[in-house]
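This report refers to the structure that appears directly beneath it.
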Amino acid sequence: MHRLMPRGRRAAAVAAFAAVAVAGVVVPAGASTAAPQVASSTTLAASTTAKPHLTSQPSSVVVASGQRATFKVRATGLGLTYRWYVSTDGTRWTKIAHATHASHSFVAKPSYNGHRYRVVVRNSHGSATSRAARVTVAVTPHITSQPRSTTVATGKPATFAVRATGNALAYQWYVAAPGKTTYTRVAGATRSTYRFTATAAKSGYRYRVLVHNKAGRVGSTAARLTVVTKPRITKQPIEGQQVASGSRVTLAVKASGIGLHYQWQYVDDSADGDYEYHSIKGATRSSYSFTATTKTHDDYRVVVSNIAGRVGSDDSMVIVDSSLQDPYGPDGMALLTSWLVTLDTEVKGGPTVVTGDNPTTVTSTFLGIPADLHAQTNDLTFALVVGGTTYPATVTAKSLATAGVYDFVATTTVPVPAATARTGVWKVTDASGTKPVSQYLTQR
């Protein structure tokens, strides 16, 4: 009996402890089993009546076909059970056989792409349903549209873009300097389109992109950036030239820049002109050639442009010497050695007066402007050419109110009818130089 008593007391104590534990009693370490302490009602509820609570939700995953996809959940509570479900459309859910653990893993197939998974956690007090997580089964990327080389003006946006098929695609752009074969990663350039502000220093750089996902990667071809600056004229057209009527004239310009366009223009500075620049149709090269006549324009320039801007050349003056076959019109101005001569269109009664009829008297008034300080009125002589015959004229000169400007009145009588006399052409000769110079003007 002496040896059995301890065993009996121990068995009684263990039985008493178990009974107290079931009743929610906690026995402090080293305390007598005869003096238990009772836990609070809050502790009892939390430990014996709590429904499941999810502390970590499943996360969507991207995997390649043939790789394992895994979804996990974490939950608190006693006596938990798990059941995973799958949905192809997010509305109808199907129980997955044998998927009864806190994690669910399977080998991904292309047909699983876009499927959603969730888990229901249960115990005797209730259940909790997780959020849905999606599986994306990656397809190897394939580029359908390569980046294209581009030309932009300095300071303007440059854009490179790629198109690719596949899913869950990621992008990384790379750049190589001119003459280099090694491409370096462009920080932050992780989209299908790479856009940045072009600078002249970046001209000639090449750009390519790497497209990748869990299934693989593919690199694009390289595209070149050309950065254009505003044109600069390095050689101007000839500033001025005097040519004979019928001569072939060529005006030319040299300019630096990329993608240059040329447009030659003239200035309408005739008596009824607007003094504005007008484009010459078809004159779109660095040089412009034409046959000079007294009716062609005498003031030209070229505008050189590209996508970065435009610049106009200096004006080029082309003075055309007249001939009997190509005289100046009523508004033309003849450049002689020491004088500029034109018909005086503002004189009272008109610049030309024709009287009589075989013989016919023709009187024309000219406006003379000295071209240098040594010009003399007797330098000029006038003659009317009718039917190939030259008829000298008498001339009187009169100084006008405008300093240095003169009216020259030339009169001649010709043995032809008035109608024929009106077809005559005035020949004006300046003898002030070492060699006489003549110009021709029609009558008005």
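Each residue of segment 68-85 was assigned a 3J(HN,Hα) from its phi angle through the Karplus expression (A = 6.51, B = -1.76, C = 1.60, θ = phi - 60°), giving 8, 9, 10, 10, 10, 9, 10, 8, 10, x, 9, x, 7, 10, 10, 8, 8, 10 Hz with x at Gly and Pro.
Just the number, please: carbon plus sulfur as a percent of the accessible area of the chain, 1.4 Å probe, no ligands or DNA/RNA counted. That share works out to 52 percent. Taking LEU400, LEU251, LEU343 in turn, the Gaussian network model of the chain (Cα-Cα springs below 10 Å) assigns the largest fluctuation to LEU400. Per residue, segment 277-342 exposes 46 Å² of solvent-accessible protein surface, assessed with a 1.4 angstrom probe and all protein chains in place.
Rounded to the nearest 10 degrees, the angle from helix 4-22 to the longest Cα principal axis of the chain is 40 degrees. Within the full protein context, the accessible area of ILE238 is estimated at about 90 Å² for a probe radius of 1.4 Å. Here segment 78-178 is treated with +1 on each Lys and Arg Cβ and -1 on each Asp and Glu Cβ, and its dipole about the Cα centre works out to around 240 debye.
Suppose the chain between ASP357 and SER111 were pulled fully straight at 0.36 nm per residue; how much longer would it get relative to their current alpha carbon spacing?
Gain on stretching ASP357 to SER111: 77.6 nm.
Between THR76 and ALA170, the FRET efficiency estimated from the beta carbon spacing at R0 = 41 angstrom works out to 0.70. Using the Cβ-Cβ distance between GLU346 and GLU276 with R0 = 35 Å, the FRET efficiency computed as 1/(1 + (r/R0)^6) comes to roughly 0.90. Distance from the Cα centroid of segment 333-386 to that of segment 187-207 is 69 Å (rounded to whole angstrom).
Measuring r between the beta carbons of THR250 and ARG444 and using R0 = 35 Å, the FRET efficiency lands at 0.55.
Using the Karplus relation 6.51 cos²θ - 1.76 cosθ + 1.60 with θ = phi - 60°, the per-residue 3J(HN,Hα) values for segment 435-441 come to 9, x, 10, 10, 9, 10, 9 Hz, with x marking Gly and Pro.
Just to confirm a number: summing +1 for Lys and Arg and -1 for Asp and Glu over residues other than GLY77 whose beta-carbon lies under 10 angstrom from that of GLY77, what do you get? Here the charged neighbours net out to +2. Sparsely packed loop sites in segment 215-307 (the trypsin sites (Lys or Arg not before Pro) outside DSSP H, G, I, E and B with at most 16 other Cβ atoms within 10 Å) comprise LYS281, ARG285, LYS295.
A Cβ-based charge dipole, computed about the Cα centre of segment 194-325 with Lys and Arg at +1 and Asp and Glu at -1, lands at about 1840 debye.
Could you compute the net charge surrounding PRO141? Neighbours are other residues with a C-beta less than 12 Å from the C-beta of PRO141; K and R count +1, D and E count -1. Here the count lands on +3. Dipole magnitude for the chain: computed about the Cα centre from +1 point charges on Lys and Arg Cβ and -1 point charges on Asp and Glu Cβ, it is near 7080 debye.
What number, in percent, do you get for the relative contact order of the chain if the mean sequence gap of Cα pairs under 8 Å and at least 6 apart is divided by its residue count?
9 percent.
Surface exposure of segment 43-190, expressed per residue as accessible area with a 1.4 Å probe, stands at 57 Å².
Over segment 324-382, with a single point scatterer placed on each C-alpha, what log10 of the ratio I(q)/I(0) does the Debye formula yield at q = 0.14, 0.16 1/Å? Evaluating at q = 0.14, 0.16 Å⁻¹ gives log10 I(q)/I(0) of -0.48, -0.62. Converting phi to 3J(HN,Hα) with the Karplus coefficients 6.51, -1.76 and 1.60 and the offset θ = phi - 60°, segment 317-329 yields 8, 10, 9, 9, 6, 7, 9, 4, 7, 9, x, 5, x Hz in sequence order, with x at every glycine or proline.
The values are calculated or read from the model by the stated rules, or taken from the named source; none is laboratory data. Just so you know, these numbers come straight off a predicted model, no measurement behind them. Here the Cβ is made from the backbone with ideal geometry for all residues, glycine too, and neighbour counts use every protein chain on show. These area figures cover heavy atoms from the full protein model, side chains too; ligands, DNA and RNA do not enter into them. Shrake-Rupley method; radii C 1.70, N 1.55, O 1.52, S 1.80 Å.
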